[in-house]
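The values are calculated or read from the model by the stated rules, or taken from the named source; none is laboratory data. Treat the numbers as computed from the prediction; the structure is a model and nothing was measured. Cβ sites come from the backbone with ideal geometry, for glycine too, and all protein chains shown count toward neighbours. All accessible areas refer to the heavy atoms of the entire protein, side chains included, with ligands and DNA or RNA removed. Shrake-Rupley method; radii C 1.70, N 1.55, O 1.52, S 1.80 Å.
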Amino acid sequence: MAQEVRGVIAPGKNEPVRVETVVVPDPGPGEAVVRVQACGVCHTDLHYKQGGINDDFPFLLGHEAAGVVESVGENVTDVAPGDFVVLNWRAVCGNCRACLRGRPWYCFATHNAARKMTLTDGTELSPALGIGAFAEKTLVAAGQCTKVDPAVSPAVAGLLGCGVMAGIGAAINTGGVGRGDSVAVIGCGGVGGAAVAGAHLASAARVIAVDLDDRKLDTARTLGATHTVNAEQTDPVEAIRELTGGFGADVVIEAVGRPETYRQAFYARDLAGTVVLVGVPTPEMKLELPLLDVFGRGGALKSSWYGDCLPSRDFPMLIDLHLQGRLPLDAFVTETVGLDQVEQAFERMHHGDVLRSVVVL
């Protein structure tokens, strides 16, 4: 039987979000209804609100979430009612060319729920990243539910659903940071801060955090940065080279998504070093680099989608590391808010006042 719950809707491009009644249908085959306990306010949700993803309004926002499975449809075997789960937007299909080659973290046909959540007048909603978790309950593909240890706080666990996983994965999975490496992270918001934590977790010898905001640099130190650079006061390329014996870093992670910061990352890496782009650019942005420099510096230029994560592998492992005191995920939760405070949370995020606001239900 369909249920009516409260959810945060983006009704149109750049319009203020509002709390509406959302109709959540019973789960169909391969689907699950999840009672949401916490959901982070991610910049991707702001992109949806601004029309930067597509124009399939109205959107049911929220995707960085954790909660408890309430019910499942037919043919669901991996999760059951009562399971505590982190929601993910990479429910791998198992059959696409990436999955069949043993690279499911690149899955090209991820699953979403087929049934639609609606407003009470029948208007179909587009759930952000196939999740729509700024709501008391949401309908997802069962493969979007990853079981983790219920001892963890939902406000912390949900962060792995997007931003924190993207940053940690950019360092460990995409960048391949290893013991003794030098790493620089340009942009130390939620994703960049997580990249700092990931590099520290991987036993990098030197982790250089770069940002314009001293508040974020102070936080980066608590997450494992050994050095910080305020790029408003110092040329970051020269600073990174100076801190790495004049050579540049083994891995430079760009977590801003702008051409100028990408160029800084490119020239701040060592010969044969790696650049990882995890910051999300906008469609109109262009990058120009001398092709001879691309050839002459060698190494690798990579982009990182969702930290190249495999949720079934990475989420439980990272939760376990947090519970062991080895990964301070709680440091990313700046504040907790209610569903009716999402618009204000977007403002604080836009002004750089938070790493993460988390909606708690």
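Restricting to DSSP loop positions (anything but H, G, I, E, B) with no more than 16 other Cβ atoms inside 10 Å of their own Cβ, which chymotrypsin sites (Phe, Trp or Tyr not before Pro) remain in region 100-204?
Passing sites in region 100-204 are PHE108.
Please identify every one of the GluC sites (Glu not before Pro) in region 184-272 that sits in a loop by DSSP and has no more than 11 other beta carbons within 10 Å of its own beta carbon.
Numbers: sites: GLU232, GLU238, GLU242, GLU254, GLU260; in loops: GLU232.
When the GluC sites (Glu not before Pro) of region 184-272 are filtered for loop state and at most 11 Cβ neighbours within 10 Å, GLU232 remain.
What number comes out for accessible area per residue over the chain if the probe is 1.4 Å? Units Å², please.
42
What is the sum of charges around VAL278, taking Lys and Arg as +1, Asp and Glu as -1, for the other residues whose C-beta is under 13 Å from the C-beta of VAL278?
Once all neighbours under 13 Å are counted, the net charge is 0.
For ALA225, what is the net charge nearby, where nearby means another residue's Cβ is under 13 Å from its Cβ and Lys, Arg count +1, Asp, Glu -1?
Spelling it out: positives minus negatives among the neighbours equals 0.
Take the alpha carbon gyration tensor of region 175-261, find the square roots of its eigenvalues, order them as a ≥ b ≥ c, and report rounded if a/c is under 1.5; if not, report prolate when a/b exceeds b/c, else oblate.
Details: a/c = 1.43, a/b = 1.13, b/c = 1.27.
Verdict is rounded for region 175-261.
If the cut-off is 19 Å between C-alpha atoms, which lysines fall inside it for LYS137, apart from same-chain ones fewer than 8 positions away?
Reachable lysines: LYS116, LYS147.
Answer rounded, prolate or oblate for region 1-67, using the Cα gyration tensor with square roots of eigenvalues a ≥ b ≥ c: rounded when a/c is under 1.5, else prolate when a/b is larger than b/c, else oblate.
Prolate.
Roughly to the nearest percent, how much of the accessible area of region 200-253 is carbon and sulfur, given a 1.4 Å probe?
Whole-percent figure for carbon plus sulfur exposure: 45.
What residues have an amide H closer than 5 Å to that of VAL359, excluding those fewer than 5 places away on the same chain, when H is modeled at 1.01 Å from N in the peptide plane?
CYS39, GLY40, VAL41, VAL337
Given Cα pairs under 8 Å that are at least 6 residues apart, what percent is the relative contact order of region 17-72?
50
Would you kindly state how much longer the chain becomes between ASP353 and ALA331 on full extension, computed as 0.36 nm times their sequence separation minus their alpha carbon distance, in nm to one decimal?
6.5 nm
Taking the Cβ of THR21 as the center, what net charge do the other residues with Cβ under 13 Å away carry, scoring Lys and Arg +1 and Asp and Glu -1?
Overall, the nearby charge balance is -1.
Counting only protein heavy atoms, what percent of the accessible surface of region 56-105 is carbon or sulfur at a 1.4 Å probe? Mind showing how you got there, number by number?
On the way: 980 of 2170 Å².
C and S atoms contribute 45 percent here.
So if I average 1/r over every pair of distinct C-alpha atoms in the chain and take the inverse, what Kirkwood radius in Å does that give? Spell out each step's value before the answer.
Numbers: mean 1/r = 0.0485 Å⁻¹.
The answer is 20.6 Å.
Taking θ as phi - 60°, what are the ³J(HN,Hα) couplings along region 121-127 by the Karplus curve (6.51, -1.76, 1.60), each to the nearest whole Hz, with x for Gly and Pro?
Along region 121-127, the couplings run 8, x, 4, 6, 9, 9, x Hz.
Once every DSSP H run of n ≥ 4 in the chain is given -39500 (n - 2.57) and the sum is divided by its residues, what mean residue ellipticity at 222 nm do you get, rounded to the nearest 500 deg cm²/dmol? Show your work: numbers first, answer last.
Working: 11 runs with 89 residues, N = 361.
-6500 deg cm²/dmol, from helical runs alone.
When the Cα centres of region 2-23 and region 95-140 are compared, how far apart do they sit, in Å?
17
Does region 205-357 come out rounded, prolate or oblate by the C-alpha gyration tensor, with a ≥ b ≥ c the root eigenvalues, rounded set by a/c under 1.5 and, if not, prolate when a/b is larger than b/c and oblate if not?
On the way: a/c = 1.62, a/b = 1.49, b/c = 1.08.
It is prolate, given that a/c is not under 1.5 and a/b is the larger ratio.
In nm, to one decimal, how far is the modelled label at ARG313 from the one at GLN344, with both set 7 Å along Cα→Cβ?
Roughly 4.2 nm, to one decimal.
Quick one: longest stretch of the chain between exposed loop trypsin sites (Lys or Arg not before Pro), exposed meaning at most 13 other C-beta atoms within 10 Å and loop per DSSP? Don't skip to the end; give the middle numbers.
Details: sites that count: LYS13, ARG101, ARG179, LYS286, ARG326.
That gives 180-285 as the longest site-free run.
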